[in-house]
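Below you'll find the structure, written out as structure tokens, and then a few comments.
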């Protein structure tokens, strides 16, 4: 088409020149007069095309259940149960059908053990209660004993300070004085004997014996006096002051013992009461656990909450997850942990479509947008879909989740978990102005601006800014700036191209 238009322009230019030459000759002018310069050939142009334009988006989709019930193990006391039997993946069930049977013997054994443990705790708390009553009775007697001990200490210390200590001081002085007197008496006796024996008629031998005995007694008395003086000095300097200090310390210790007893008894009583409370809490916990174990025993069979089809695993963001793991757990002797979702009951007649849209494509997606899905299993089948919603924030992979409603039910068996190719018409303009993308130029100073060259009314090139829409193939939609009647230059003018 471009070549045809260009040929027409060249042909018209040639015919115009020929006509002008003929006219000048016919009017009688001199043929020898030089002719005017021949105008340059016009630049090749093209007119914008008008027609429908649309943009489509193709994404992978998955058929998901509209109505489903997740089946999980919900225990109170235990953390897992052993599987005896479970319905197979894909089984059709009705509400109330048994889905999973767990080993109840293990639970019953734990119930028996817990009952024994609770009984032991009850015995222990009764024993503690009786011991507490006995301790309270003993504390009353011990309080009297402590007061009595303190009173005795006060009396003993008062007696020692006021009577015994002064007497002890007198006693050591008296002992020393007695020994001094005894020695003096012995010395006087020796002296008198010596005088008497000189005057009497006794034989000399008898005198010597008596005198000798008196002298020996005097020597012993002197030694005892020396010892008494030593004991007096020791008692005066050390023994009596120490005994006084011991009495003071003993009395103070007796006071502290009573103070300690009075201060400690409330703490001992409080500690005993706390211990009793803790025992009661243990009993309550054991009783609660027993009740929870009995409740867990009732959950060793899980029944279907609704009619539907059994799917192992669960639906996460429109995708089935954990099916293989669930299959292993639900095998005989497999173990299911508490709060594990191991299967999902799906109502097969209520199906929707889930798909993920890249961030670059979400601008054209809105609720109500229509399209179709081609199931992977039936490539030639087309099912109408309508966008129900699209998430406002991206998922972990940066895409936006979209939910679509299905139109008429397919004649083919479509079930949750199947996949398909979703195609949506994200843009449609029945009367769009289109130009070849190559005739649209970018502004050198602002790459976001676009412009074209058109042939002006005087035949001179004219720059015209345009607003562009979507690109389809090698053509671009023009939103504003030109109309269908405008002649758009295929190439930049010579002067512009040289820049």
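The values are calculated or read from the model by the stated rules, or taken from the named source; none is laboratory data. The model shown is predicted, which means the values in this text are computed figures rather than measured ones. Virtual Cβ from ideal backbone geometry, glycine too; neighbours counted across all protein chains shown.
Looking at the range 427-450 only, could you name the residues that are buried (at least 16 other Cβ atoms within 10 Å of the Cβ) and either assigned to a strand (DSSP E or B) or out of contact with any strand residue (DSSP E or B) (no Cβ under 9 Å at 6 or more places or on another chain) (or both)? So that I can check it myself, show each step before the final result.
At the first step, the residues of the range 427-450 found to be buried (at least 16 other Cβ atoms within 10 Å of the Cβ) are 427, 429, 432-436, 439-440, 450.
Correct list: 427, 429, 432, 433, 434, 435, 436, 450.
Can you confirm whether residue 327 is at pLDDT below 90 and over 27 Å from residue 111 (Cβ atoms)?
Working: at pLDDT below 90: no; over 27 Å from residue 111 (Cβ atoms): yes.
So residue 327 does not fit the description; no.
Can you go through 447, 496 and tell me which one is more than 60 Å from the chain's Cα centre (by Cα) and at pLDDT below 90? Even if it seems obvious, please write down each step before you answer.
Details: 447 fails: more than 60 Å from the chain's Cα centre (by Cα).
That would be 496, the only listed residue that is more than 60 Å from the chain's Cα centre (by Cα) and at pLDDT below 90.
Out of 116, 129, report the one residue that is modelled with pLDDT of 95 or more, surrounded by fewer than 15 Cβ atoms within 10 Å (Cβ to Cβ) and over 13 Å from residue 293 (Cα atoms).
On the way: 129 fails: modelled with pLDDT of 95 or more.
Going through 116, 129 in turn, just one is modelled with pLDDT of 95 or more, surrounded by fewer than 15 Cβ atoms within 10 Å (Cβ to Cβ) and over 13 Å from residue 293 (Cα atoms): 116.
State yes or no: is residue 122 assigned to a helix (DSSP H, G or I), touching a residue at least 60 places away in the same chain (Cβ under 8 Å) and touching a helix residue (DSSP H, G or I) at 6+ places or on another chain (Cβ under 8 Å)? So that I can check it myself, show each step before the final result.
On the way: assigned to a helix (DSSP H, G or I): yes; touching a residue at least 60 places away in the same chain (Cβ under 8 Å): yes; touching a helix residue (DSSP H, G or I) at 6+ places or on another chain (Cβ under 8 Å): yes.
Taking the combined requirement at face value, the residue satisfies it.
Pull out all pairs, ordered by first then second residue, where Cβ-Cβ is under 7 Å, the residues are six or more apart or on different chains, the first lies in the range 261-274 and is assigned by TED's automatic domain parsing to the domain that holds residue 150, and the second is part of a helix (DSSP H, G or I).
These pairs meet every condition: 261/146; 265/139; 272/132; 272/135.
Strands (runs of 3 or more DSSP E) wholly in the range 330-425 with at least 3 residues that are surrounded by 18 or more Cβ atoms within 10 Å (Cβ to Cβ) and within 35 Å of the chain's Cα centre (by Cα) - which ones? Please lay out each step first, then the result.
Numbers: elements: 335-337, 341-346, 351-357, 370-375, 383-390, 400-406.
Because the criterion is at least 3 residues that are surrounded by 18 or more Cβ atoms within 10 Å (Cβ to Cβ) and within 35 Å of the chain's Cα centre (by Cα), the strands (runs of 3 or more DSSP E) in the range 330-425 that meet it are 341-346, 351-357, 400-406.
Look at residue 296 and say whether it is surrounded by fewer than 14 Cβ atoms within 10 Å (Cβ to Cβ) and either in contact (Cβ under 8 Å) with a residue 12 or more places away in the chain or part of a helix (DSSP H, G or I) (or both).
On the way: surrounded by fewer than 14 Cβ atoms within 10 Å (Cβ to Cβ): no; either in contact (Cβ under 8 Å) with a residue 12 or more places away in the chain or part of a helix (DSSP H, G or I) (or both): yes.
Answer is no for this residue.
Conditions (1) out of contact with any helix residue (DSSP H, G or I) (no Cβ under 8 Å at 6 or more places or on another chain); (2) under 23 Å from residue 77 (Cβ atoms), marked per residue:
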residue: 278; (1), (2): yes, yes
residue: 294; (1), (2): no, yes
residue: 307; (1), (2): yes, no
residue: 321; (1), (2): yes, no
residue: 324; (1), (2): yes, no
residue: 331; (1), (2): yes, no
residue: 340; (1), (2): no, yes
residue: 345; (1), (2): yes, no
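Could you list all residues from the range 467-494 that are closer than 13 Å to residue 432 by Cβ and in a strand (DSSP E or B)?
Those that are closer than 13 Å to residue 432 by Cβ and in a strand (DSSP E or B): 467, 468, 469, 470, 471, 472, 475, 476, 477, 478, 479, 480.
Given the criteria assigned by TED's automatic domain parsing to the domain that holds residue 244 and surrounded by 11 or more Cβ atoms within 10 Å (Cβ to Cβ), does residue 137 qualify?
Numbers: assigned by TED's automatic domain parsing to the domain that holds residue 244: yes; surrounded by 11 or more Cβ atoms within 10 Å (Cβ to Cβ): no.
No: the conditions fail for residue 137.
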